[in-house]
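Q: So that we are looking at the same thing, I have put the structure below in structure tokens.
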Amino acid sequence: MGVAVGPVSGIHDATFAACLVLDFDGTILDTEEPLYRSWAELWDDHGHQLSLTDWQQNIGTVDSFDPWAQLEHRLGRPLDPGVADRRRRRRDDLQSHNGTRPGVRSWLAEADRLGVPVGIASSSPIDWVEEHLERLGLREQFGCVVCVDHRIPAKPEPTSYLEACRHLASDPSRSVAVEDSPNGVAAAVGAGLFTVAVPNRLTVGLDLSAADVVADSLDQLTLLETLGSASLRLER
């Protein structure tokens, strides 16, 4: 099941039909670099280089680039299944050193003060997202977690954002999305949300110009002013 619904704090009614929806990987938590490094090291162990350009095809979506199949193709033979477990352990070791990205917790605290419901829209499996939210002590901050499954396609399809807004009883055109990748930005914009792009070290060179705002960090903005920008957009 790709949707987990939890408690929503604060007051939310028709006069303030707005929510905040965040991407997870690379936006709330920098999972992108540990994942890329673990695969790049595996490729290097087998005498090949995994280019960042190839890897970036997969950021914010799924199935655009299969590093396992591509490495087997280059080697001309199957990989030892045991290396998959070692690669995952390496990913998890690298990941264990990362906390939330700058500004995320302050935006969540501001959403709580304002009574703005918060959700997640992710192209990752729900178990992956939920596990990290629990580890970070953030699960109770989110009224819903919408992840890819047989009903929810991966980004750049806008379904995950529309589904999150539906669960939070919010108007997408008044709501704010936070993303880190072109695929994610396309999904959020396609769903009609006011979109803030905050690139990470793997996406900083990608084209995020479709977003309404591009910032180095959420610390550069406040949720209140961003919600105001979303409302002003409707008046133009």
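The values are calculated or read from the model by the stated rules, or taken from the named source; none is laboratory data. Quick caveat, the model's predicted, so the values are computed rather than measured. Using ideal geometry, Cβ is built from the backbone for each residue, glycine included, and neighbour counts are taken over all protein chains shown.
Q: So if I check each of Ala177, Ala188, which one is crowded, with 20+ Cβ neighbours inside 10 Å, of a type in the set (A, V, I, L, M, F, W, C) and either outside the structural domain of Val21 (by TED's automatic domain parsing) or part of a helix (DSSP H, G or I) (or both)?
A: Exactly one residue qualifies, and that residue is Ala188.
Q: Among the listed residues Arg86, Arg91, which satisfies the condition of being surrounded by 14 or more Cβ atoms within 10 Å (Cβ to Cβ), touching a Ser or Thr at 6+ places or on another chain (Cβ under 6 Å) and not assigned by TED's automatic domain parsing to the domain that holds Leu202?
A: Of the residues listed, the single one that is surrounded by 14 or more Cβ atoms within 10 Å (Cβ to Cβ), touching a Ser or Thr at 6+ places or on another chain (Cβ under 6 Å) and not assigned by TED's automatic domain parsing to the domain that holds Leu202 is Arg91.
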